[in-house]
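Q: Structure in structure tokens, see below.
Each reported figure results from applying straightforward, stated rules to the coordinates on display, with no laboratory input. Every value quoted in this text rests on a predicted model; they were computed, and no experiment measured them. Using ideal geometry, Cβ is built from the backbone for each residue, glycine included, and neighbour counts are taken over all protein chains shown.
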Amino acid sequence: MRVDVREVDGQWLGRVEIDLAARPNLVQLPPPELGGSGSERFLHWDGAVDDGGCLRKCVVCNGGTLYRSKVLPLVTPFVGVLAFVGAVVGLLGYATNPLVLPALVVLLIVDVATLALARERLVCYRCGSTYAGARVARYHRRWSRSEAERVKSAAAAVAASPGS
């Protein structure tokens, strides 16, 4: 799986490939000239993978909650602009041209294919690290404002405690 590693404050540290079956304890982040931090990170695997081989919690910050997010292909904005142009063409009455209708049908097929090809990834509420290419369990839900606020308030309480 591909992991975009972030600090708890959200700072991006780099992208690494991790073999979920191997479960390495230490990963080397890319050097600064490749956009990374060049440091090493210890990963927290205790209880992070469920019985089905799906990621249960963040291995970067040991955060307990992840949410699922869709990653749309890079062609999505282009398809959106073409759909808008197709709607304008239809509203202006140029859809009677025999070439416009097949073009709009092809655009519809490309639009549906774009949505069908959208991949899911997991994102940590606490640090924002993303996990692409990992199996997503059914118990992971979409982003929730209440869960994000709960994680943020818990992090603030830990930071304000006298032992920190």
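Q: If the only charges are +1 at each Lys and Arg Cβ and -1 at each Asp and Glu Cβ, what is the size of the charge dipole of the range 68-164 around the Cα centre, to the nearest 20 debye?
A: Charge dipole, the range 68-164, about its Cα centre: 560 debye, nearest 20.
Q: List residues of the range 37-75, by number, whose backbone nitrogen lies under 14 Å from a label position 7 Å along Cα→C-beta of R15.
A: 37, 71-74
Q: Grab the beta carbon distance between E7 and E33, set R0 = 22 Å, and tell me the FRET efficiency rounded to 0.05.
A: Working: r = 20 Å, r/R0 = 0.90.
Using R0 = 22 Å, I get an efficiency of 0.65.
Q: Moving on. Rg and Dmax of the range 1-95 over Cα atoms: what are they, in angstrom?
A: Every Cα atom of the range 1-95 included, Rg and Dmax give 20.2, 62 Å.
Q: Charges at C-beta only: +1 for Lys and Arg, -1 for Asp and Glu. How large is the resulting dipole of the chain about its Cα centre, in Debye rounded to 20? Don't jump to the answer; show the numbers that get you there.
A: Working: 19 positive and 14 negative charges, 89 e Å.
Taking the Cα centre of the chain as origin, the dipole is about 420 debye.
Q: Along the charge dipole of the chain, Cβ charges K/R +1 and D/E -1, which of L82, T96, M1 sits furthest on the positive end?
A: Result: T96.
Q: Here is a follow-up. Please compute P(r) over all alpha-carbon pairs of the chain, binned at 5 Å starting from zero, and give each bin as a whole-number percent.
A: In whole percents, the pair-distance histogram is 1, 8, 13, 15, 14, 12, 10, 7, 6, 6, 4, 2, 1, 0, 0.
Q: Considering only DSSP states other than H, G, I, E and B, which trypsin sites (Lys or Arg not before Pro) in the range 94-136 qualify as loop sites with at most 15 other Cβ atoms within 10 Å? Please list the in-between numbers first.
A: On the way: sites: R119, R121, R126, R135; in loops: R126, R135.
Answer in residue order: R135.
Q: How far apart, in nanometres, would the label points at V110 and S161 be if each is projected 7 angstrom from Cα along the Cα-to-Cβ direction?
A: Output for this residue pair reads 5.4 nm.
Q: Using DSSP to call loops (not H, G, I, E or B), can you name the GluC sites (Glu not before Pro) in the range 1-110 whose Cβ has at most 13 other Cβ atoms within 10 angstrom? Walk me through the intermediate numbers first.
A: Details: sites: E7, E17, E33, E40; in loops: E7.
Here no GluC sites (Glu not before Pro) fit, given the DSSP loop and packing criteria.
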